[in-house]
Amino acid sequence: MILDGKALAKRLSVSLREETAAFTAKHGLAPCLATVLVGDDPASAVYVKAKRKACARNGFISKHIELPASTTQDELLALVHELNDDAAVHGILVQLPLPDQISDRVIIDAMDPAKDVDGFHPESIGALVLKRHCFVPCTPKGVMKLIEESGIDCSGKQAVVVGRSPNVGLPAALLLMQANATVTIVHSRTPEDVKKAVIGAADILVVAVGRPHFVKGAWIKEGAVVIDVGINRLDDGRLVGDVEYDTAAERASAITPVPGGVGPMTISQLMANTLQAARDAVAP
Ligand code: NAP
């Protein structure tokens, strides 16, 4: 089975559009996402453009701010405070990575947690750990939605997450555990032989490393579900994931393509989080 995130995101967007229209009719305002792009990283520009297009498609207001690569941390902080105070803005997305002179962490920490639709603020992550009302980071939320909507039950399964970044791997592992999988995390300090053995035992494998074809098809257990979060651009311009797709697809029972797997689900869940932020703002 191909886990087609593009098709699922399209399906989910039908109900999202209806819910957004109902919200707008009831409250006389549309959910508003502020996107902030600092510098001229081409990949970041593509991601932000896709998010703004999703806003337009789904009846959201998109407030977009572009700043030069020379922007100081204080200037960006001032903008974040301004957006925090702007009642018309429900969600704030500062596209990462930021230029070297700006600390991602300082900017994320300055954000109003009620507008942290990326789910990166320490309060959001704490609430996620404790299973409280929160913004779940969009990529791992999208991964779980893709698994659930494909009828795959995590309960009792051995899940392995390769990567432990705070934005992807770590929350993905938490969510899989909360879905009652038994979870192991593989990271850069996992010895090579342990890594292969652990990956080979996975019923559900989520890979978020950022290295093309890092996980070989031959390592994967026959019948495993493989979720490839990685997006890597090769020298010839092709986009590939962290998993060697062709060989993995021969062994997996279900697998995400790259592109068209997790990527569209991330944007879909960003929209869902922004609608949630708008709802919370009108009825806290
Ligand atoms: P990241 O912050 O760079 O984290 C990479 C993780 O991989 C780290 O935890 C690192 O371990 C681990 N790692 C590095 N080398 C390893 C090795 N040899 N063996 C095992 N683990 C290793 O990256 P990220 O933000 O999580 O993103 C990962 C990938 O997902 C990237 O390709 C990114 O572009 C993609 N991505 C896609 C979406 C989407 O919507 N599809 C969204 C976000 C990210 P340590 O912690 O030990 O250093």
- Query: When you go through G142, G163 one by one, which is the residue that is within 30 Å of L83 (Cα to Cα), within 16 Å of the ligand (Cβ to nearest atom) and either at pLDDT below 95 or surrounded by 23 or more Cβ atoms within 10 Å (Cβ to Cβ) (or both)?
  - Reply: G142
- Query: What's the number of the condition G156 fails, among (1) exposed (fewer than 14 other Cβ atoms within 10 Å of the Cβ); (2) over 29 Å from R11 (Cα atoms)?
  - Reply: (2)
- Task: Please state which one of H187, H133 is without any contact (Cβ under 8 Å) to a residue 12 or more places away in the chain, out of contact with any His (no Cβ under 7 Å at 6 or more places or on another chain) and of a type outside the set (S, T, Y).
- Result: H133
- Out of R251, R279, report the one residue that is closer than 23 Å to C154 by Cβ, among the charged types (D, E, K, R), away from the ligand (no atom under 16 Å from the Cβ) and surrounded by fewer than 17 Cβ atoms within 10 Å (Cβ to Cβ). R251
- Could you list all residues from segment 226-241 that are aliphatic (A, V, I, L, M) and surrounded by 24 or more Cβ atoms within 10 Å (Cβ to Cβ)? V226, I227, V229
- Failed condition for E148, given (1) assigned to a helix (DSSP H, G or I); (2) without any contact (Cβ under 8 Å) to a residue 40 or more places away in the chain; (3) closer than 30 Å to D203 by Cβ; (4) touching a helix residue (DSSP H, G or I) at 6+ places or on another chain (Cβ under 8 Å): (4)
- Only one of (1) more than 12 Å from the ligand (Cβ to nearest atom); (2) of a type in the set (A, V, I, L, M); (3) in contact (Cβ under 8 Å) with a residue 40 or more places away in the chain; (4) touching a Gly at 6+ places or on another chain (Cβ under 8 Å) fails for A202. Which number is that? (4)
- Answer with yes or no whether V258 is surrounded by 24 or more Cβ atoms within 10 Å (Cβ to Cβ), under 14 Å from G142 (Cβ atoms), within 12 Å of the ligand (Cβ to nearest atom) and not small (G, A, S). no
- Task: Consider T20 carefully, then state whether it is surrounded by 15 or more Cβ atoms within 10 Å (Cβ to Cβ) and either within 25 Å of E148 (Cα to Cα) or modelled with pLDDT of 95 or more (or both).
- Result: yes
- Candidate set: segment 66-112, residues that are in a loop (DSSP other than H, G, I, E, B) and in contact with a Lys or Arg (Cβ under 7 Å, 6 or more places away or on another chain); chosen: the one surrounded by the fewest Cβ atoms within 10 Å (Cβ to Cβ): V89
- Task: Please find, within segment 217-248, the residue that is farthest from the ligand (Cβ to nearest atom) out of those that are assigned to a strand (DSSP E or B) and without any contact (Cβ under 8 Å) to a residue 40 or more places away in the chain.
- Result: V226
- Residues (farther than 16 Å from R211 by Cα and in a helix (DSSP H, G or I)) located in segment 178-194: Q178, D193, V194
- Name every residue in segment 87-123 that is within 19 Å of A283 (Cα to Cα) and either out of contact with any Ser or Thr (no Cβ under 8 Å at 6 or more places or on another chain) or at pLDDT below 95 (or both), in order of residue number. A87, A88, V89, I92, D112, A114, K115
- Query: Does D118 qualify as being charged (D, E, K, R), crowded, with 18+ Cβ neighbours inside 10 Å and within 16 Å of the ligand (Cβ to nearest atom)?
  - Reply: yes
- Task: With respect to H187, determine if the residue is under 14 Å from N273 (Cβ atoms), within 20 Å of the chain's Cα centre (by Cα) and surrounded by fewer than 17 Cβ atoms within 10 Å (Cβ to Cβ).
- Result: no
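The values are calculated or read from the model by the stated rules, or taken from the named source; none is laboratory data. This one's a predicted model, so the numbers in the text were calculated from it and none came from an experiment. All Cβ positions, glycine included, derive from the backbone under ideal geometry; neighbour counts span all protein chains shown.
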